[in-house]
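Any read-out appearing in this document is the output of simple, stated calculations on the displayed coordinates, not a laboratory observation. Predicted model only: the values in this text are computed from it and were never measured. Here the Cβ is made from the backbone with ideal geometry for all residues, glycine too, and neighbour counts use every protein chain on show.
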Amino acid sequence: MTSGAVSRAPIAAFFDLDKTILAKSSSFAFARPFYKEGLIGRADVIKSAYAQFVYLASGADHDQMESMRQYMSNLVTGWEVEKVQQIVAETLDTIVDPMVYEEALDLIAHHRMLGHQIIIISSSGTDVVEPIGQRLGADLAIGTQVGIEDGKYTGEILFYAYGPGKAEAMRSLAVERGYDLAECYAYSDSFTDVPMLEAVGHPVAVNPDTELRKLAVENDWPIRDFAKPVAMKSRIDKKQAAAAGAGVALGAVALGIAWYARRRSLRA
């Protein structure tokens with residue numbers, strides 16, 4: 001390094017997943033294959049379809065997100081982790097691939113060209129978020145973590161990647177990876193993600209719900225409206241994406257261990 005040169009901190013672009021990168025909810029999207037494999041009943045499929053409709057029509061408020069947390073906890077208790085991962089892997093192309101926003105892919109490519117790290121953080125479960133993140137070539141994918149014992153979900157939510165939890169994750173990453181959050185970017189559609197957006201110097205509202213759009217206008221935050229879902233495999237070479245996202249799962253697991261150790265010690 002030449003005398004007087006300044007080493008810049010790495011910059012990250014944090015992306016919410018549902019209605020920001022994907023046109024639908026990633027969790028609800030797998031209701032039918034989960035039903036087909038016997039993990040959920042018909043009533044759960046109907047409830048998921050209704051929740052998807054409400055979410056797409058008006059977004060989810062705090063109470064709905066908390067209800068979703070409890071619903072997820074009760075629903076997955078006793079599920080075999082390996083079976084869930086297998087279903088997601090086998091249906092990823094048909095379920096998720098067609099509902100990725102073209103504008104989001106362009107934005108991710110733009111950040112990648114600038115040398116920024118791509119981080120996806122979503123309230124959906126890690127076993128859904130991580131494979132999607134890997135397909136997108138993200139550097140890290142963080143989702144809601146559910147406890148596991150003897151290869152099955154216990155139903156205990158160890159980390160809920162929602163609201164303040166997302167901001168907490170981002171601050172932990174900033175310390176771990178040396179990010180200057182004032183130089184980082186964040187993209188989300190939901191008012192519940194205001195803590196995530198306020199944690200960075202460059203917040204952007206994407207397909208914002210009514211409350212977030214109002215706040216974005218008041219704060220002069222950029223607003224982007226995405227409307228072109230495309231087939232992800234038509235835009236991304238799978239081998240390249242897999243190579244770029246090879247550290248996604250390991251990164252999330254390693255980071256998660258540190259978080260949960262701290263959280264459990266505080267509760268103890």
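Around Tyr187, what is the net charge, scoring Lys/Arg as +1 and Asp/Glu as -1 over all other residues with Cβ under 13 Å from its Cβ? Intermediate results must be reported in sequence, preceding the final value.
Working: positive: Lys19, Lys166, Arg224; negative: Asp16, Asp18, Glu103, Asp106, Asp189, Asp193, Asp225.
My count for the surroundings of Tyr187 gives -4.
Quick one: Karplus J couplings for region 12-25, per residue in order, coefficients 6.51, -1.76, 1.60, θ = phi - 60°, nearest Hz, x for Gly and Pro?
10, 10, 8, 10, 5, 9, 6, 6, 10, 9, 9, 7, 9, 6
Which entries of Lys24/Lys166; Lys36/Lys228; Lys36/Lys166; Lys19/Lys166; Lys24/Lys214; Lys19/Lys214 show an alpha-carbon separation above 24 angstrom in the structure shown? Please list the in-between numbers first.
Values: Lys24/Lys166 20 Å; Lys36/Lys228 29 Å; Lys36/Lys166 32 Å; Lys19/Lys166 16 Å; Lys24/Lys214 22 Å; Lys19/Lys214 17 Å.
Over 24 Å Cα-Cα: Lys36/Lys228; Lys36/Lys166.
Using Cβ contacts closer than 10 Å as the measure, can you line up His110, His116 from fewest to most?
Values: His110 11, His116 18.
If I rank by nearby Cβ atoms, fewest first, I get His110, His116.
Using amide H atoms built 1.01 Å from N in the peptide plane, name the residues 5+ places from Ile142, or on other chains, whose amide H lies under 5 Å from its own.
Ile120, Ile121, Ser122
May I ask you to evaluate 6.51 cos²θ - 1.76 cosθ + 1.60, the Karplus curve with θ = phi - 60°, for each residue of region 164-177 and list the ³J(HN,Hα) values in order in whole Hz, giving x for glycine and proline?
x, x, 5, 5, 4, 4, 5, 5, 5, 5, 4, 5, 5, 10
How much net charge surrounds Ile11 when only other residues with a Cβ under 11 Å from its Cβ are counted (Lys, Arg +1; Asp, Glu -1)?
Values: positive: Arg8, Arg177; negative: Asp180, Glu183.
That works out to 0.
Once amide H atoms are built 1.01 Å from N in the peptide plane, which residues 5 or more positions from Ile148, or in another chain, come under 5 Å H to H?
Excluding prolines and chain starts, which carry no amide H, the hits are Thr154.
Give me the net charge for the shell around Tyr153: Cβ to Cβ below 10 angstrom, other residues only, Lys and Arg +1, Asp and Glu -1. Present the calculation step by step, with values, prior to reporting the outcome.
Values: positive: Lys152; negative: Glu80, Asp127, Glu149, Glu156.
Surrounding charge for Tyr153 is -3.
Name the residues whose placed amide hydrogens come within less than 5 Å of the amide hydrogen of Arg224, ignoring near sequence neighbours (fewer than 5 apart) on the same chain.
HN-HN under 5 Å from Arg224: Ala205, Val206, Asn207.
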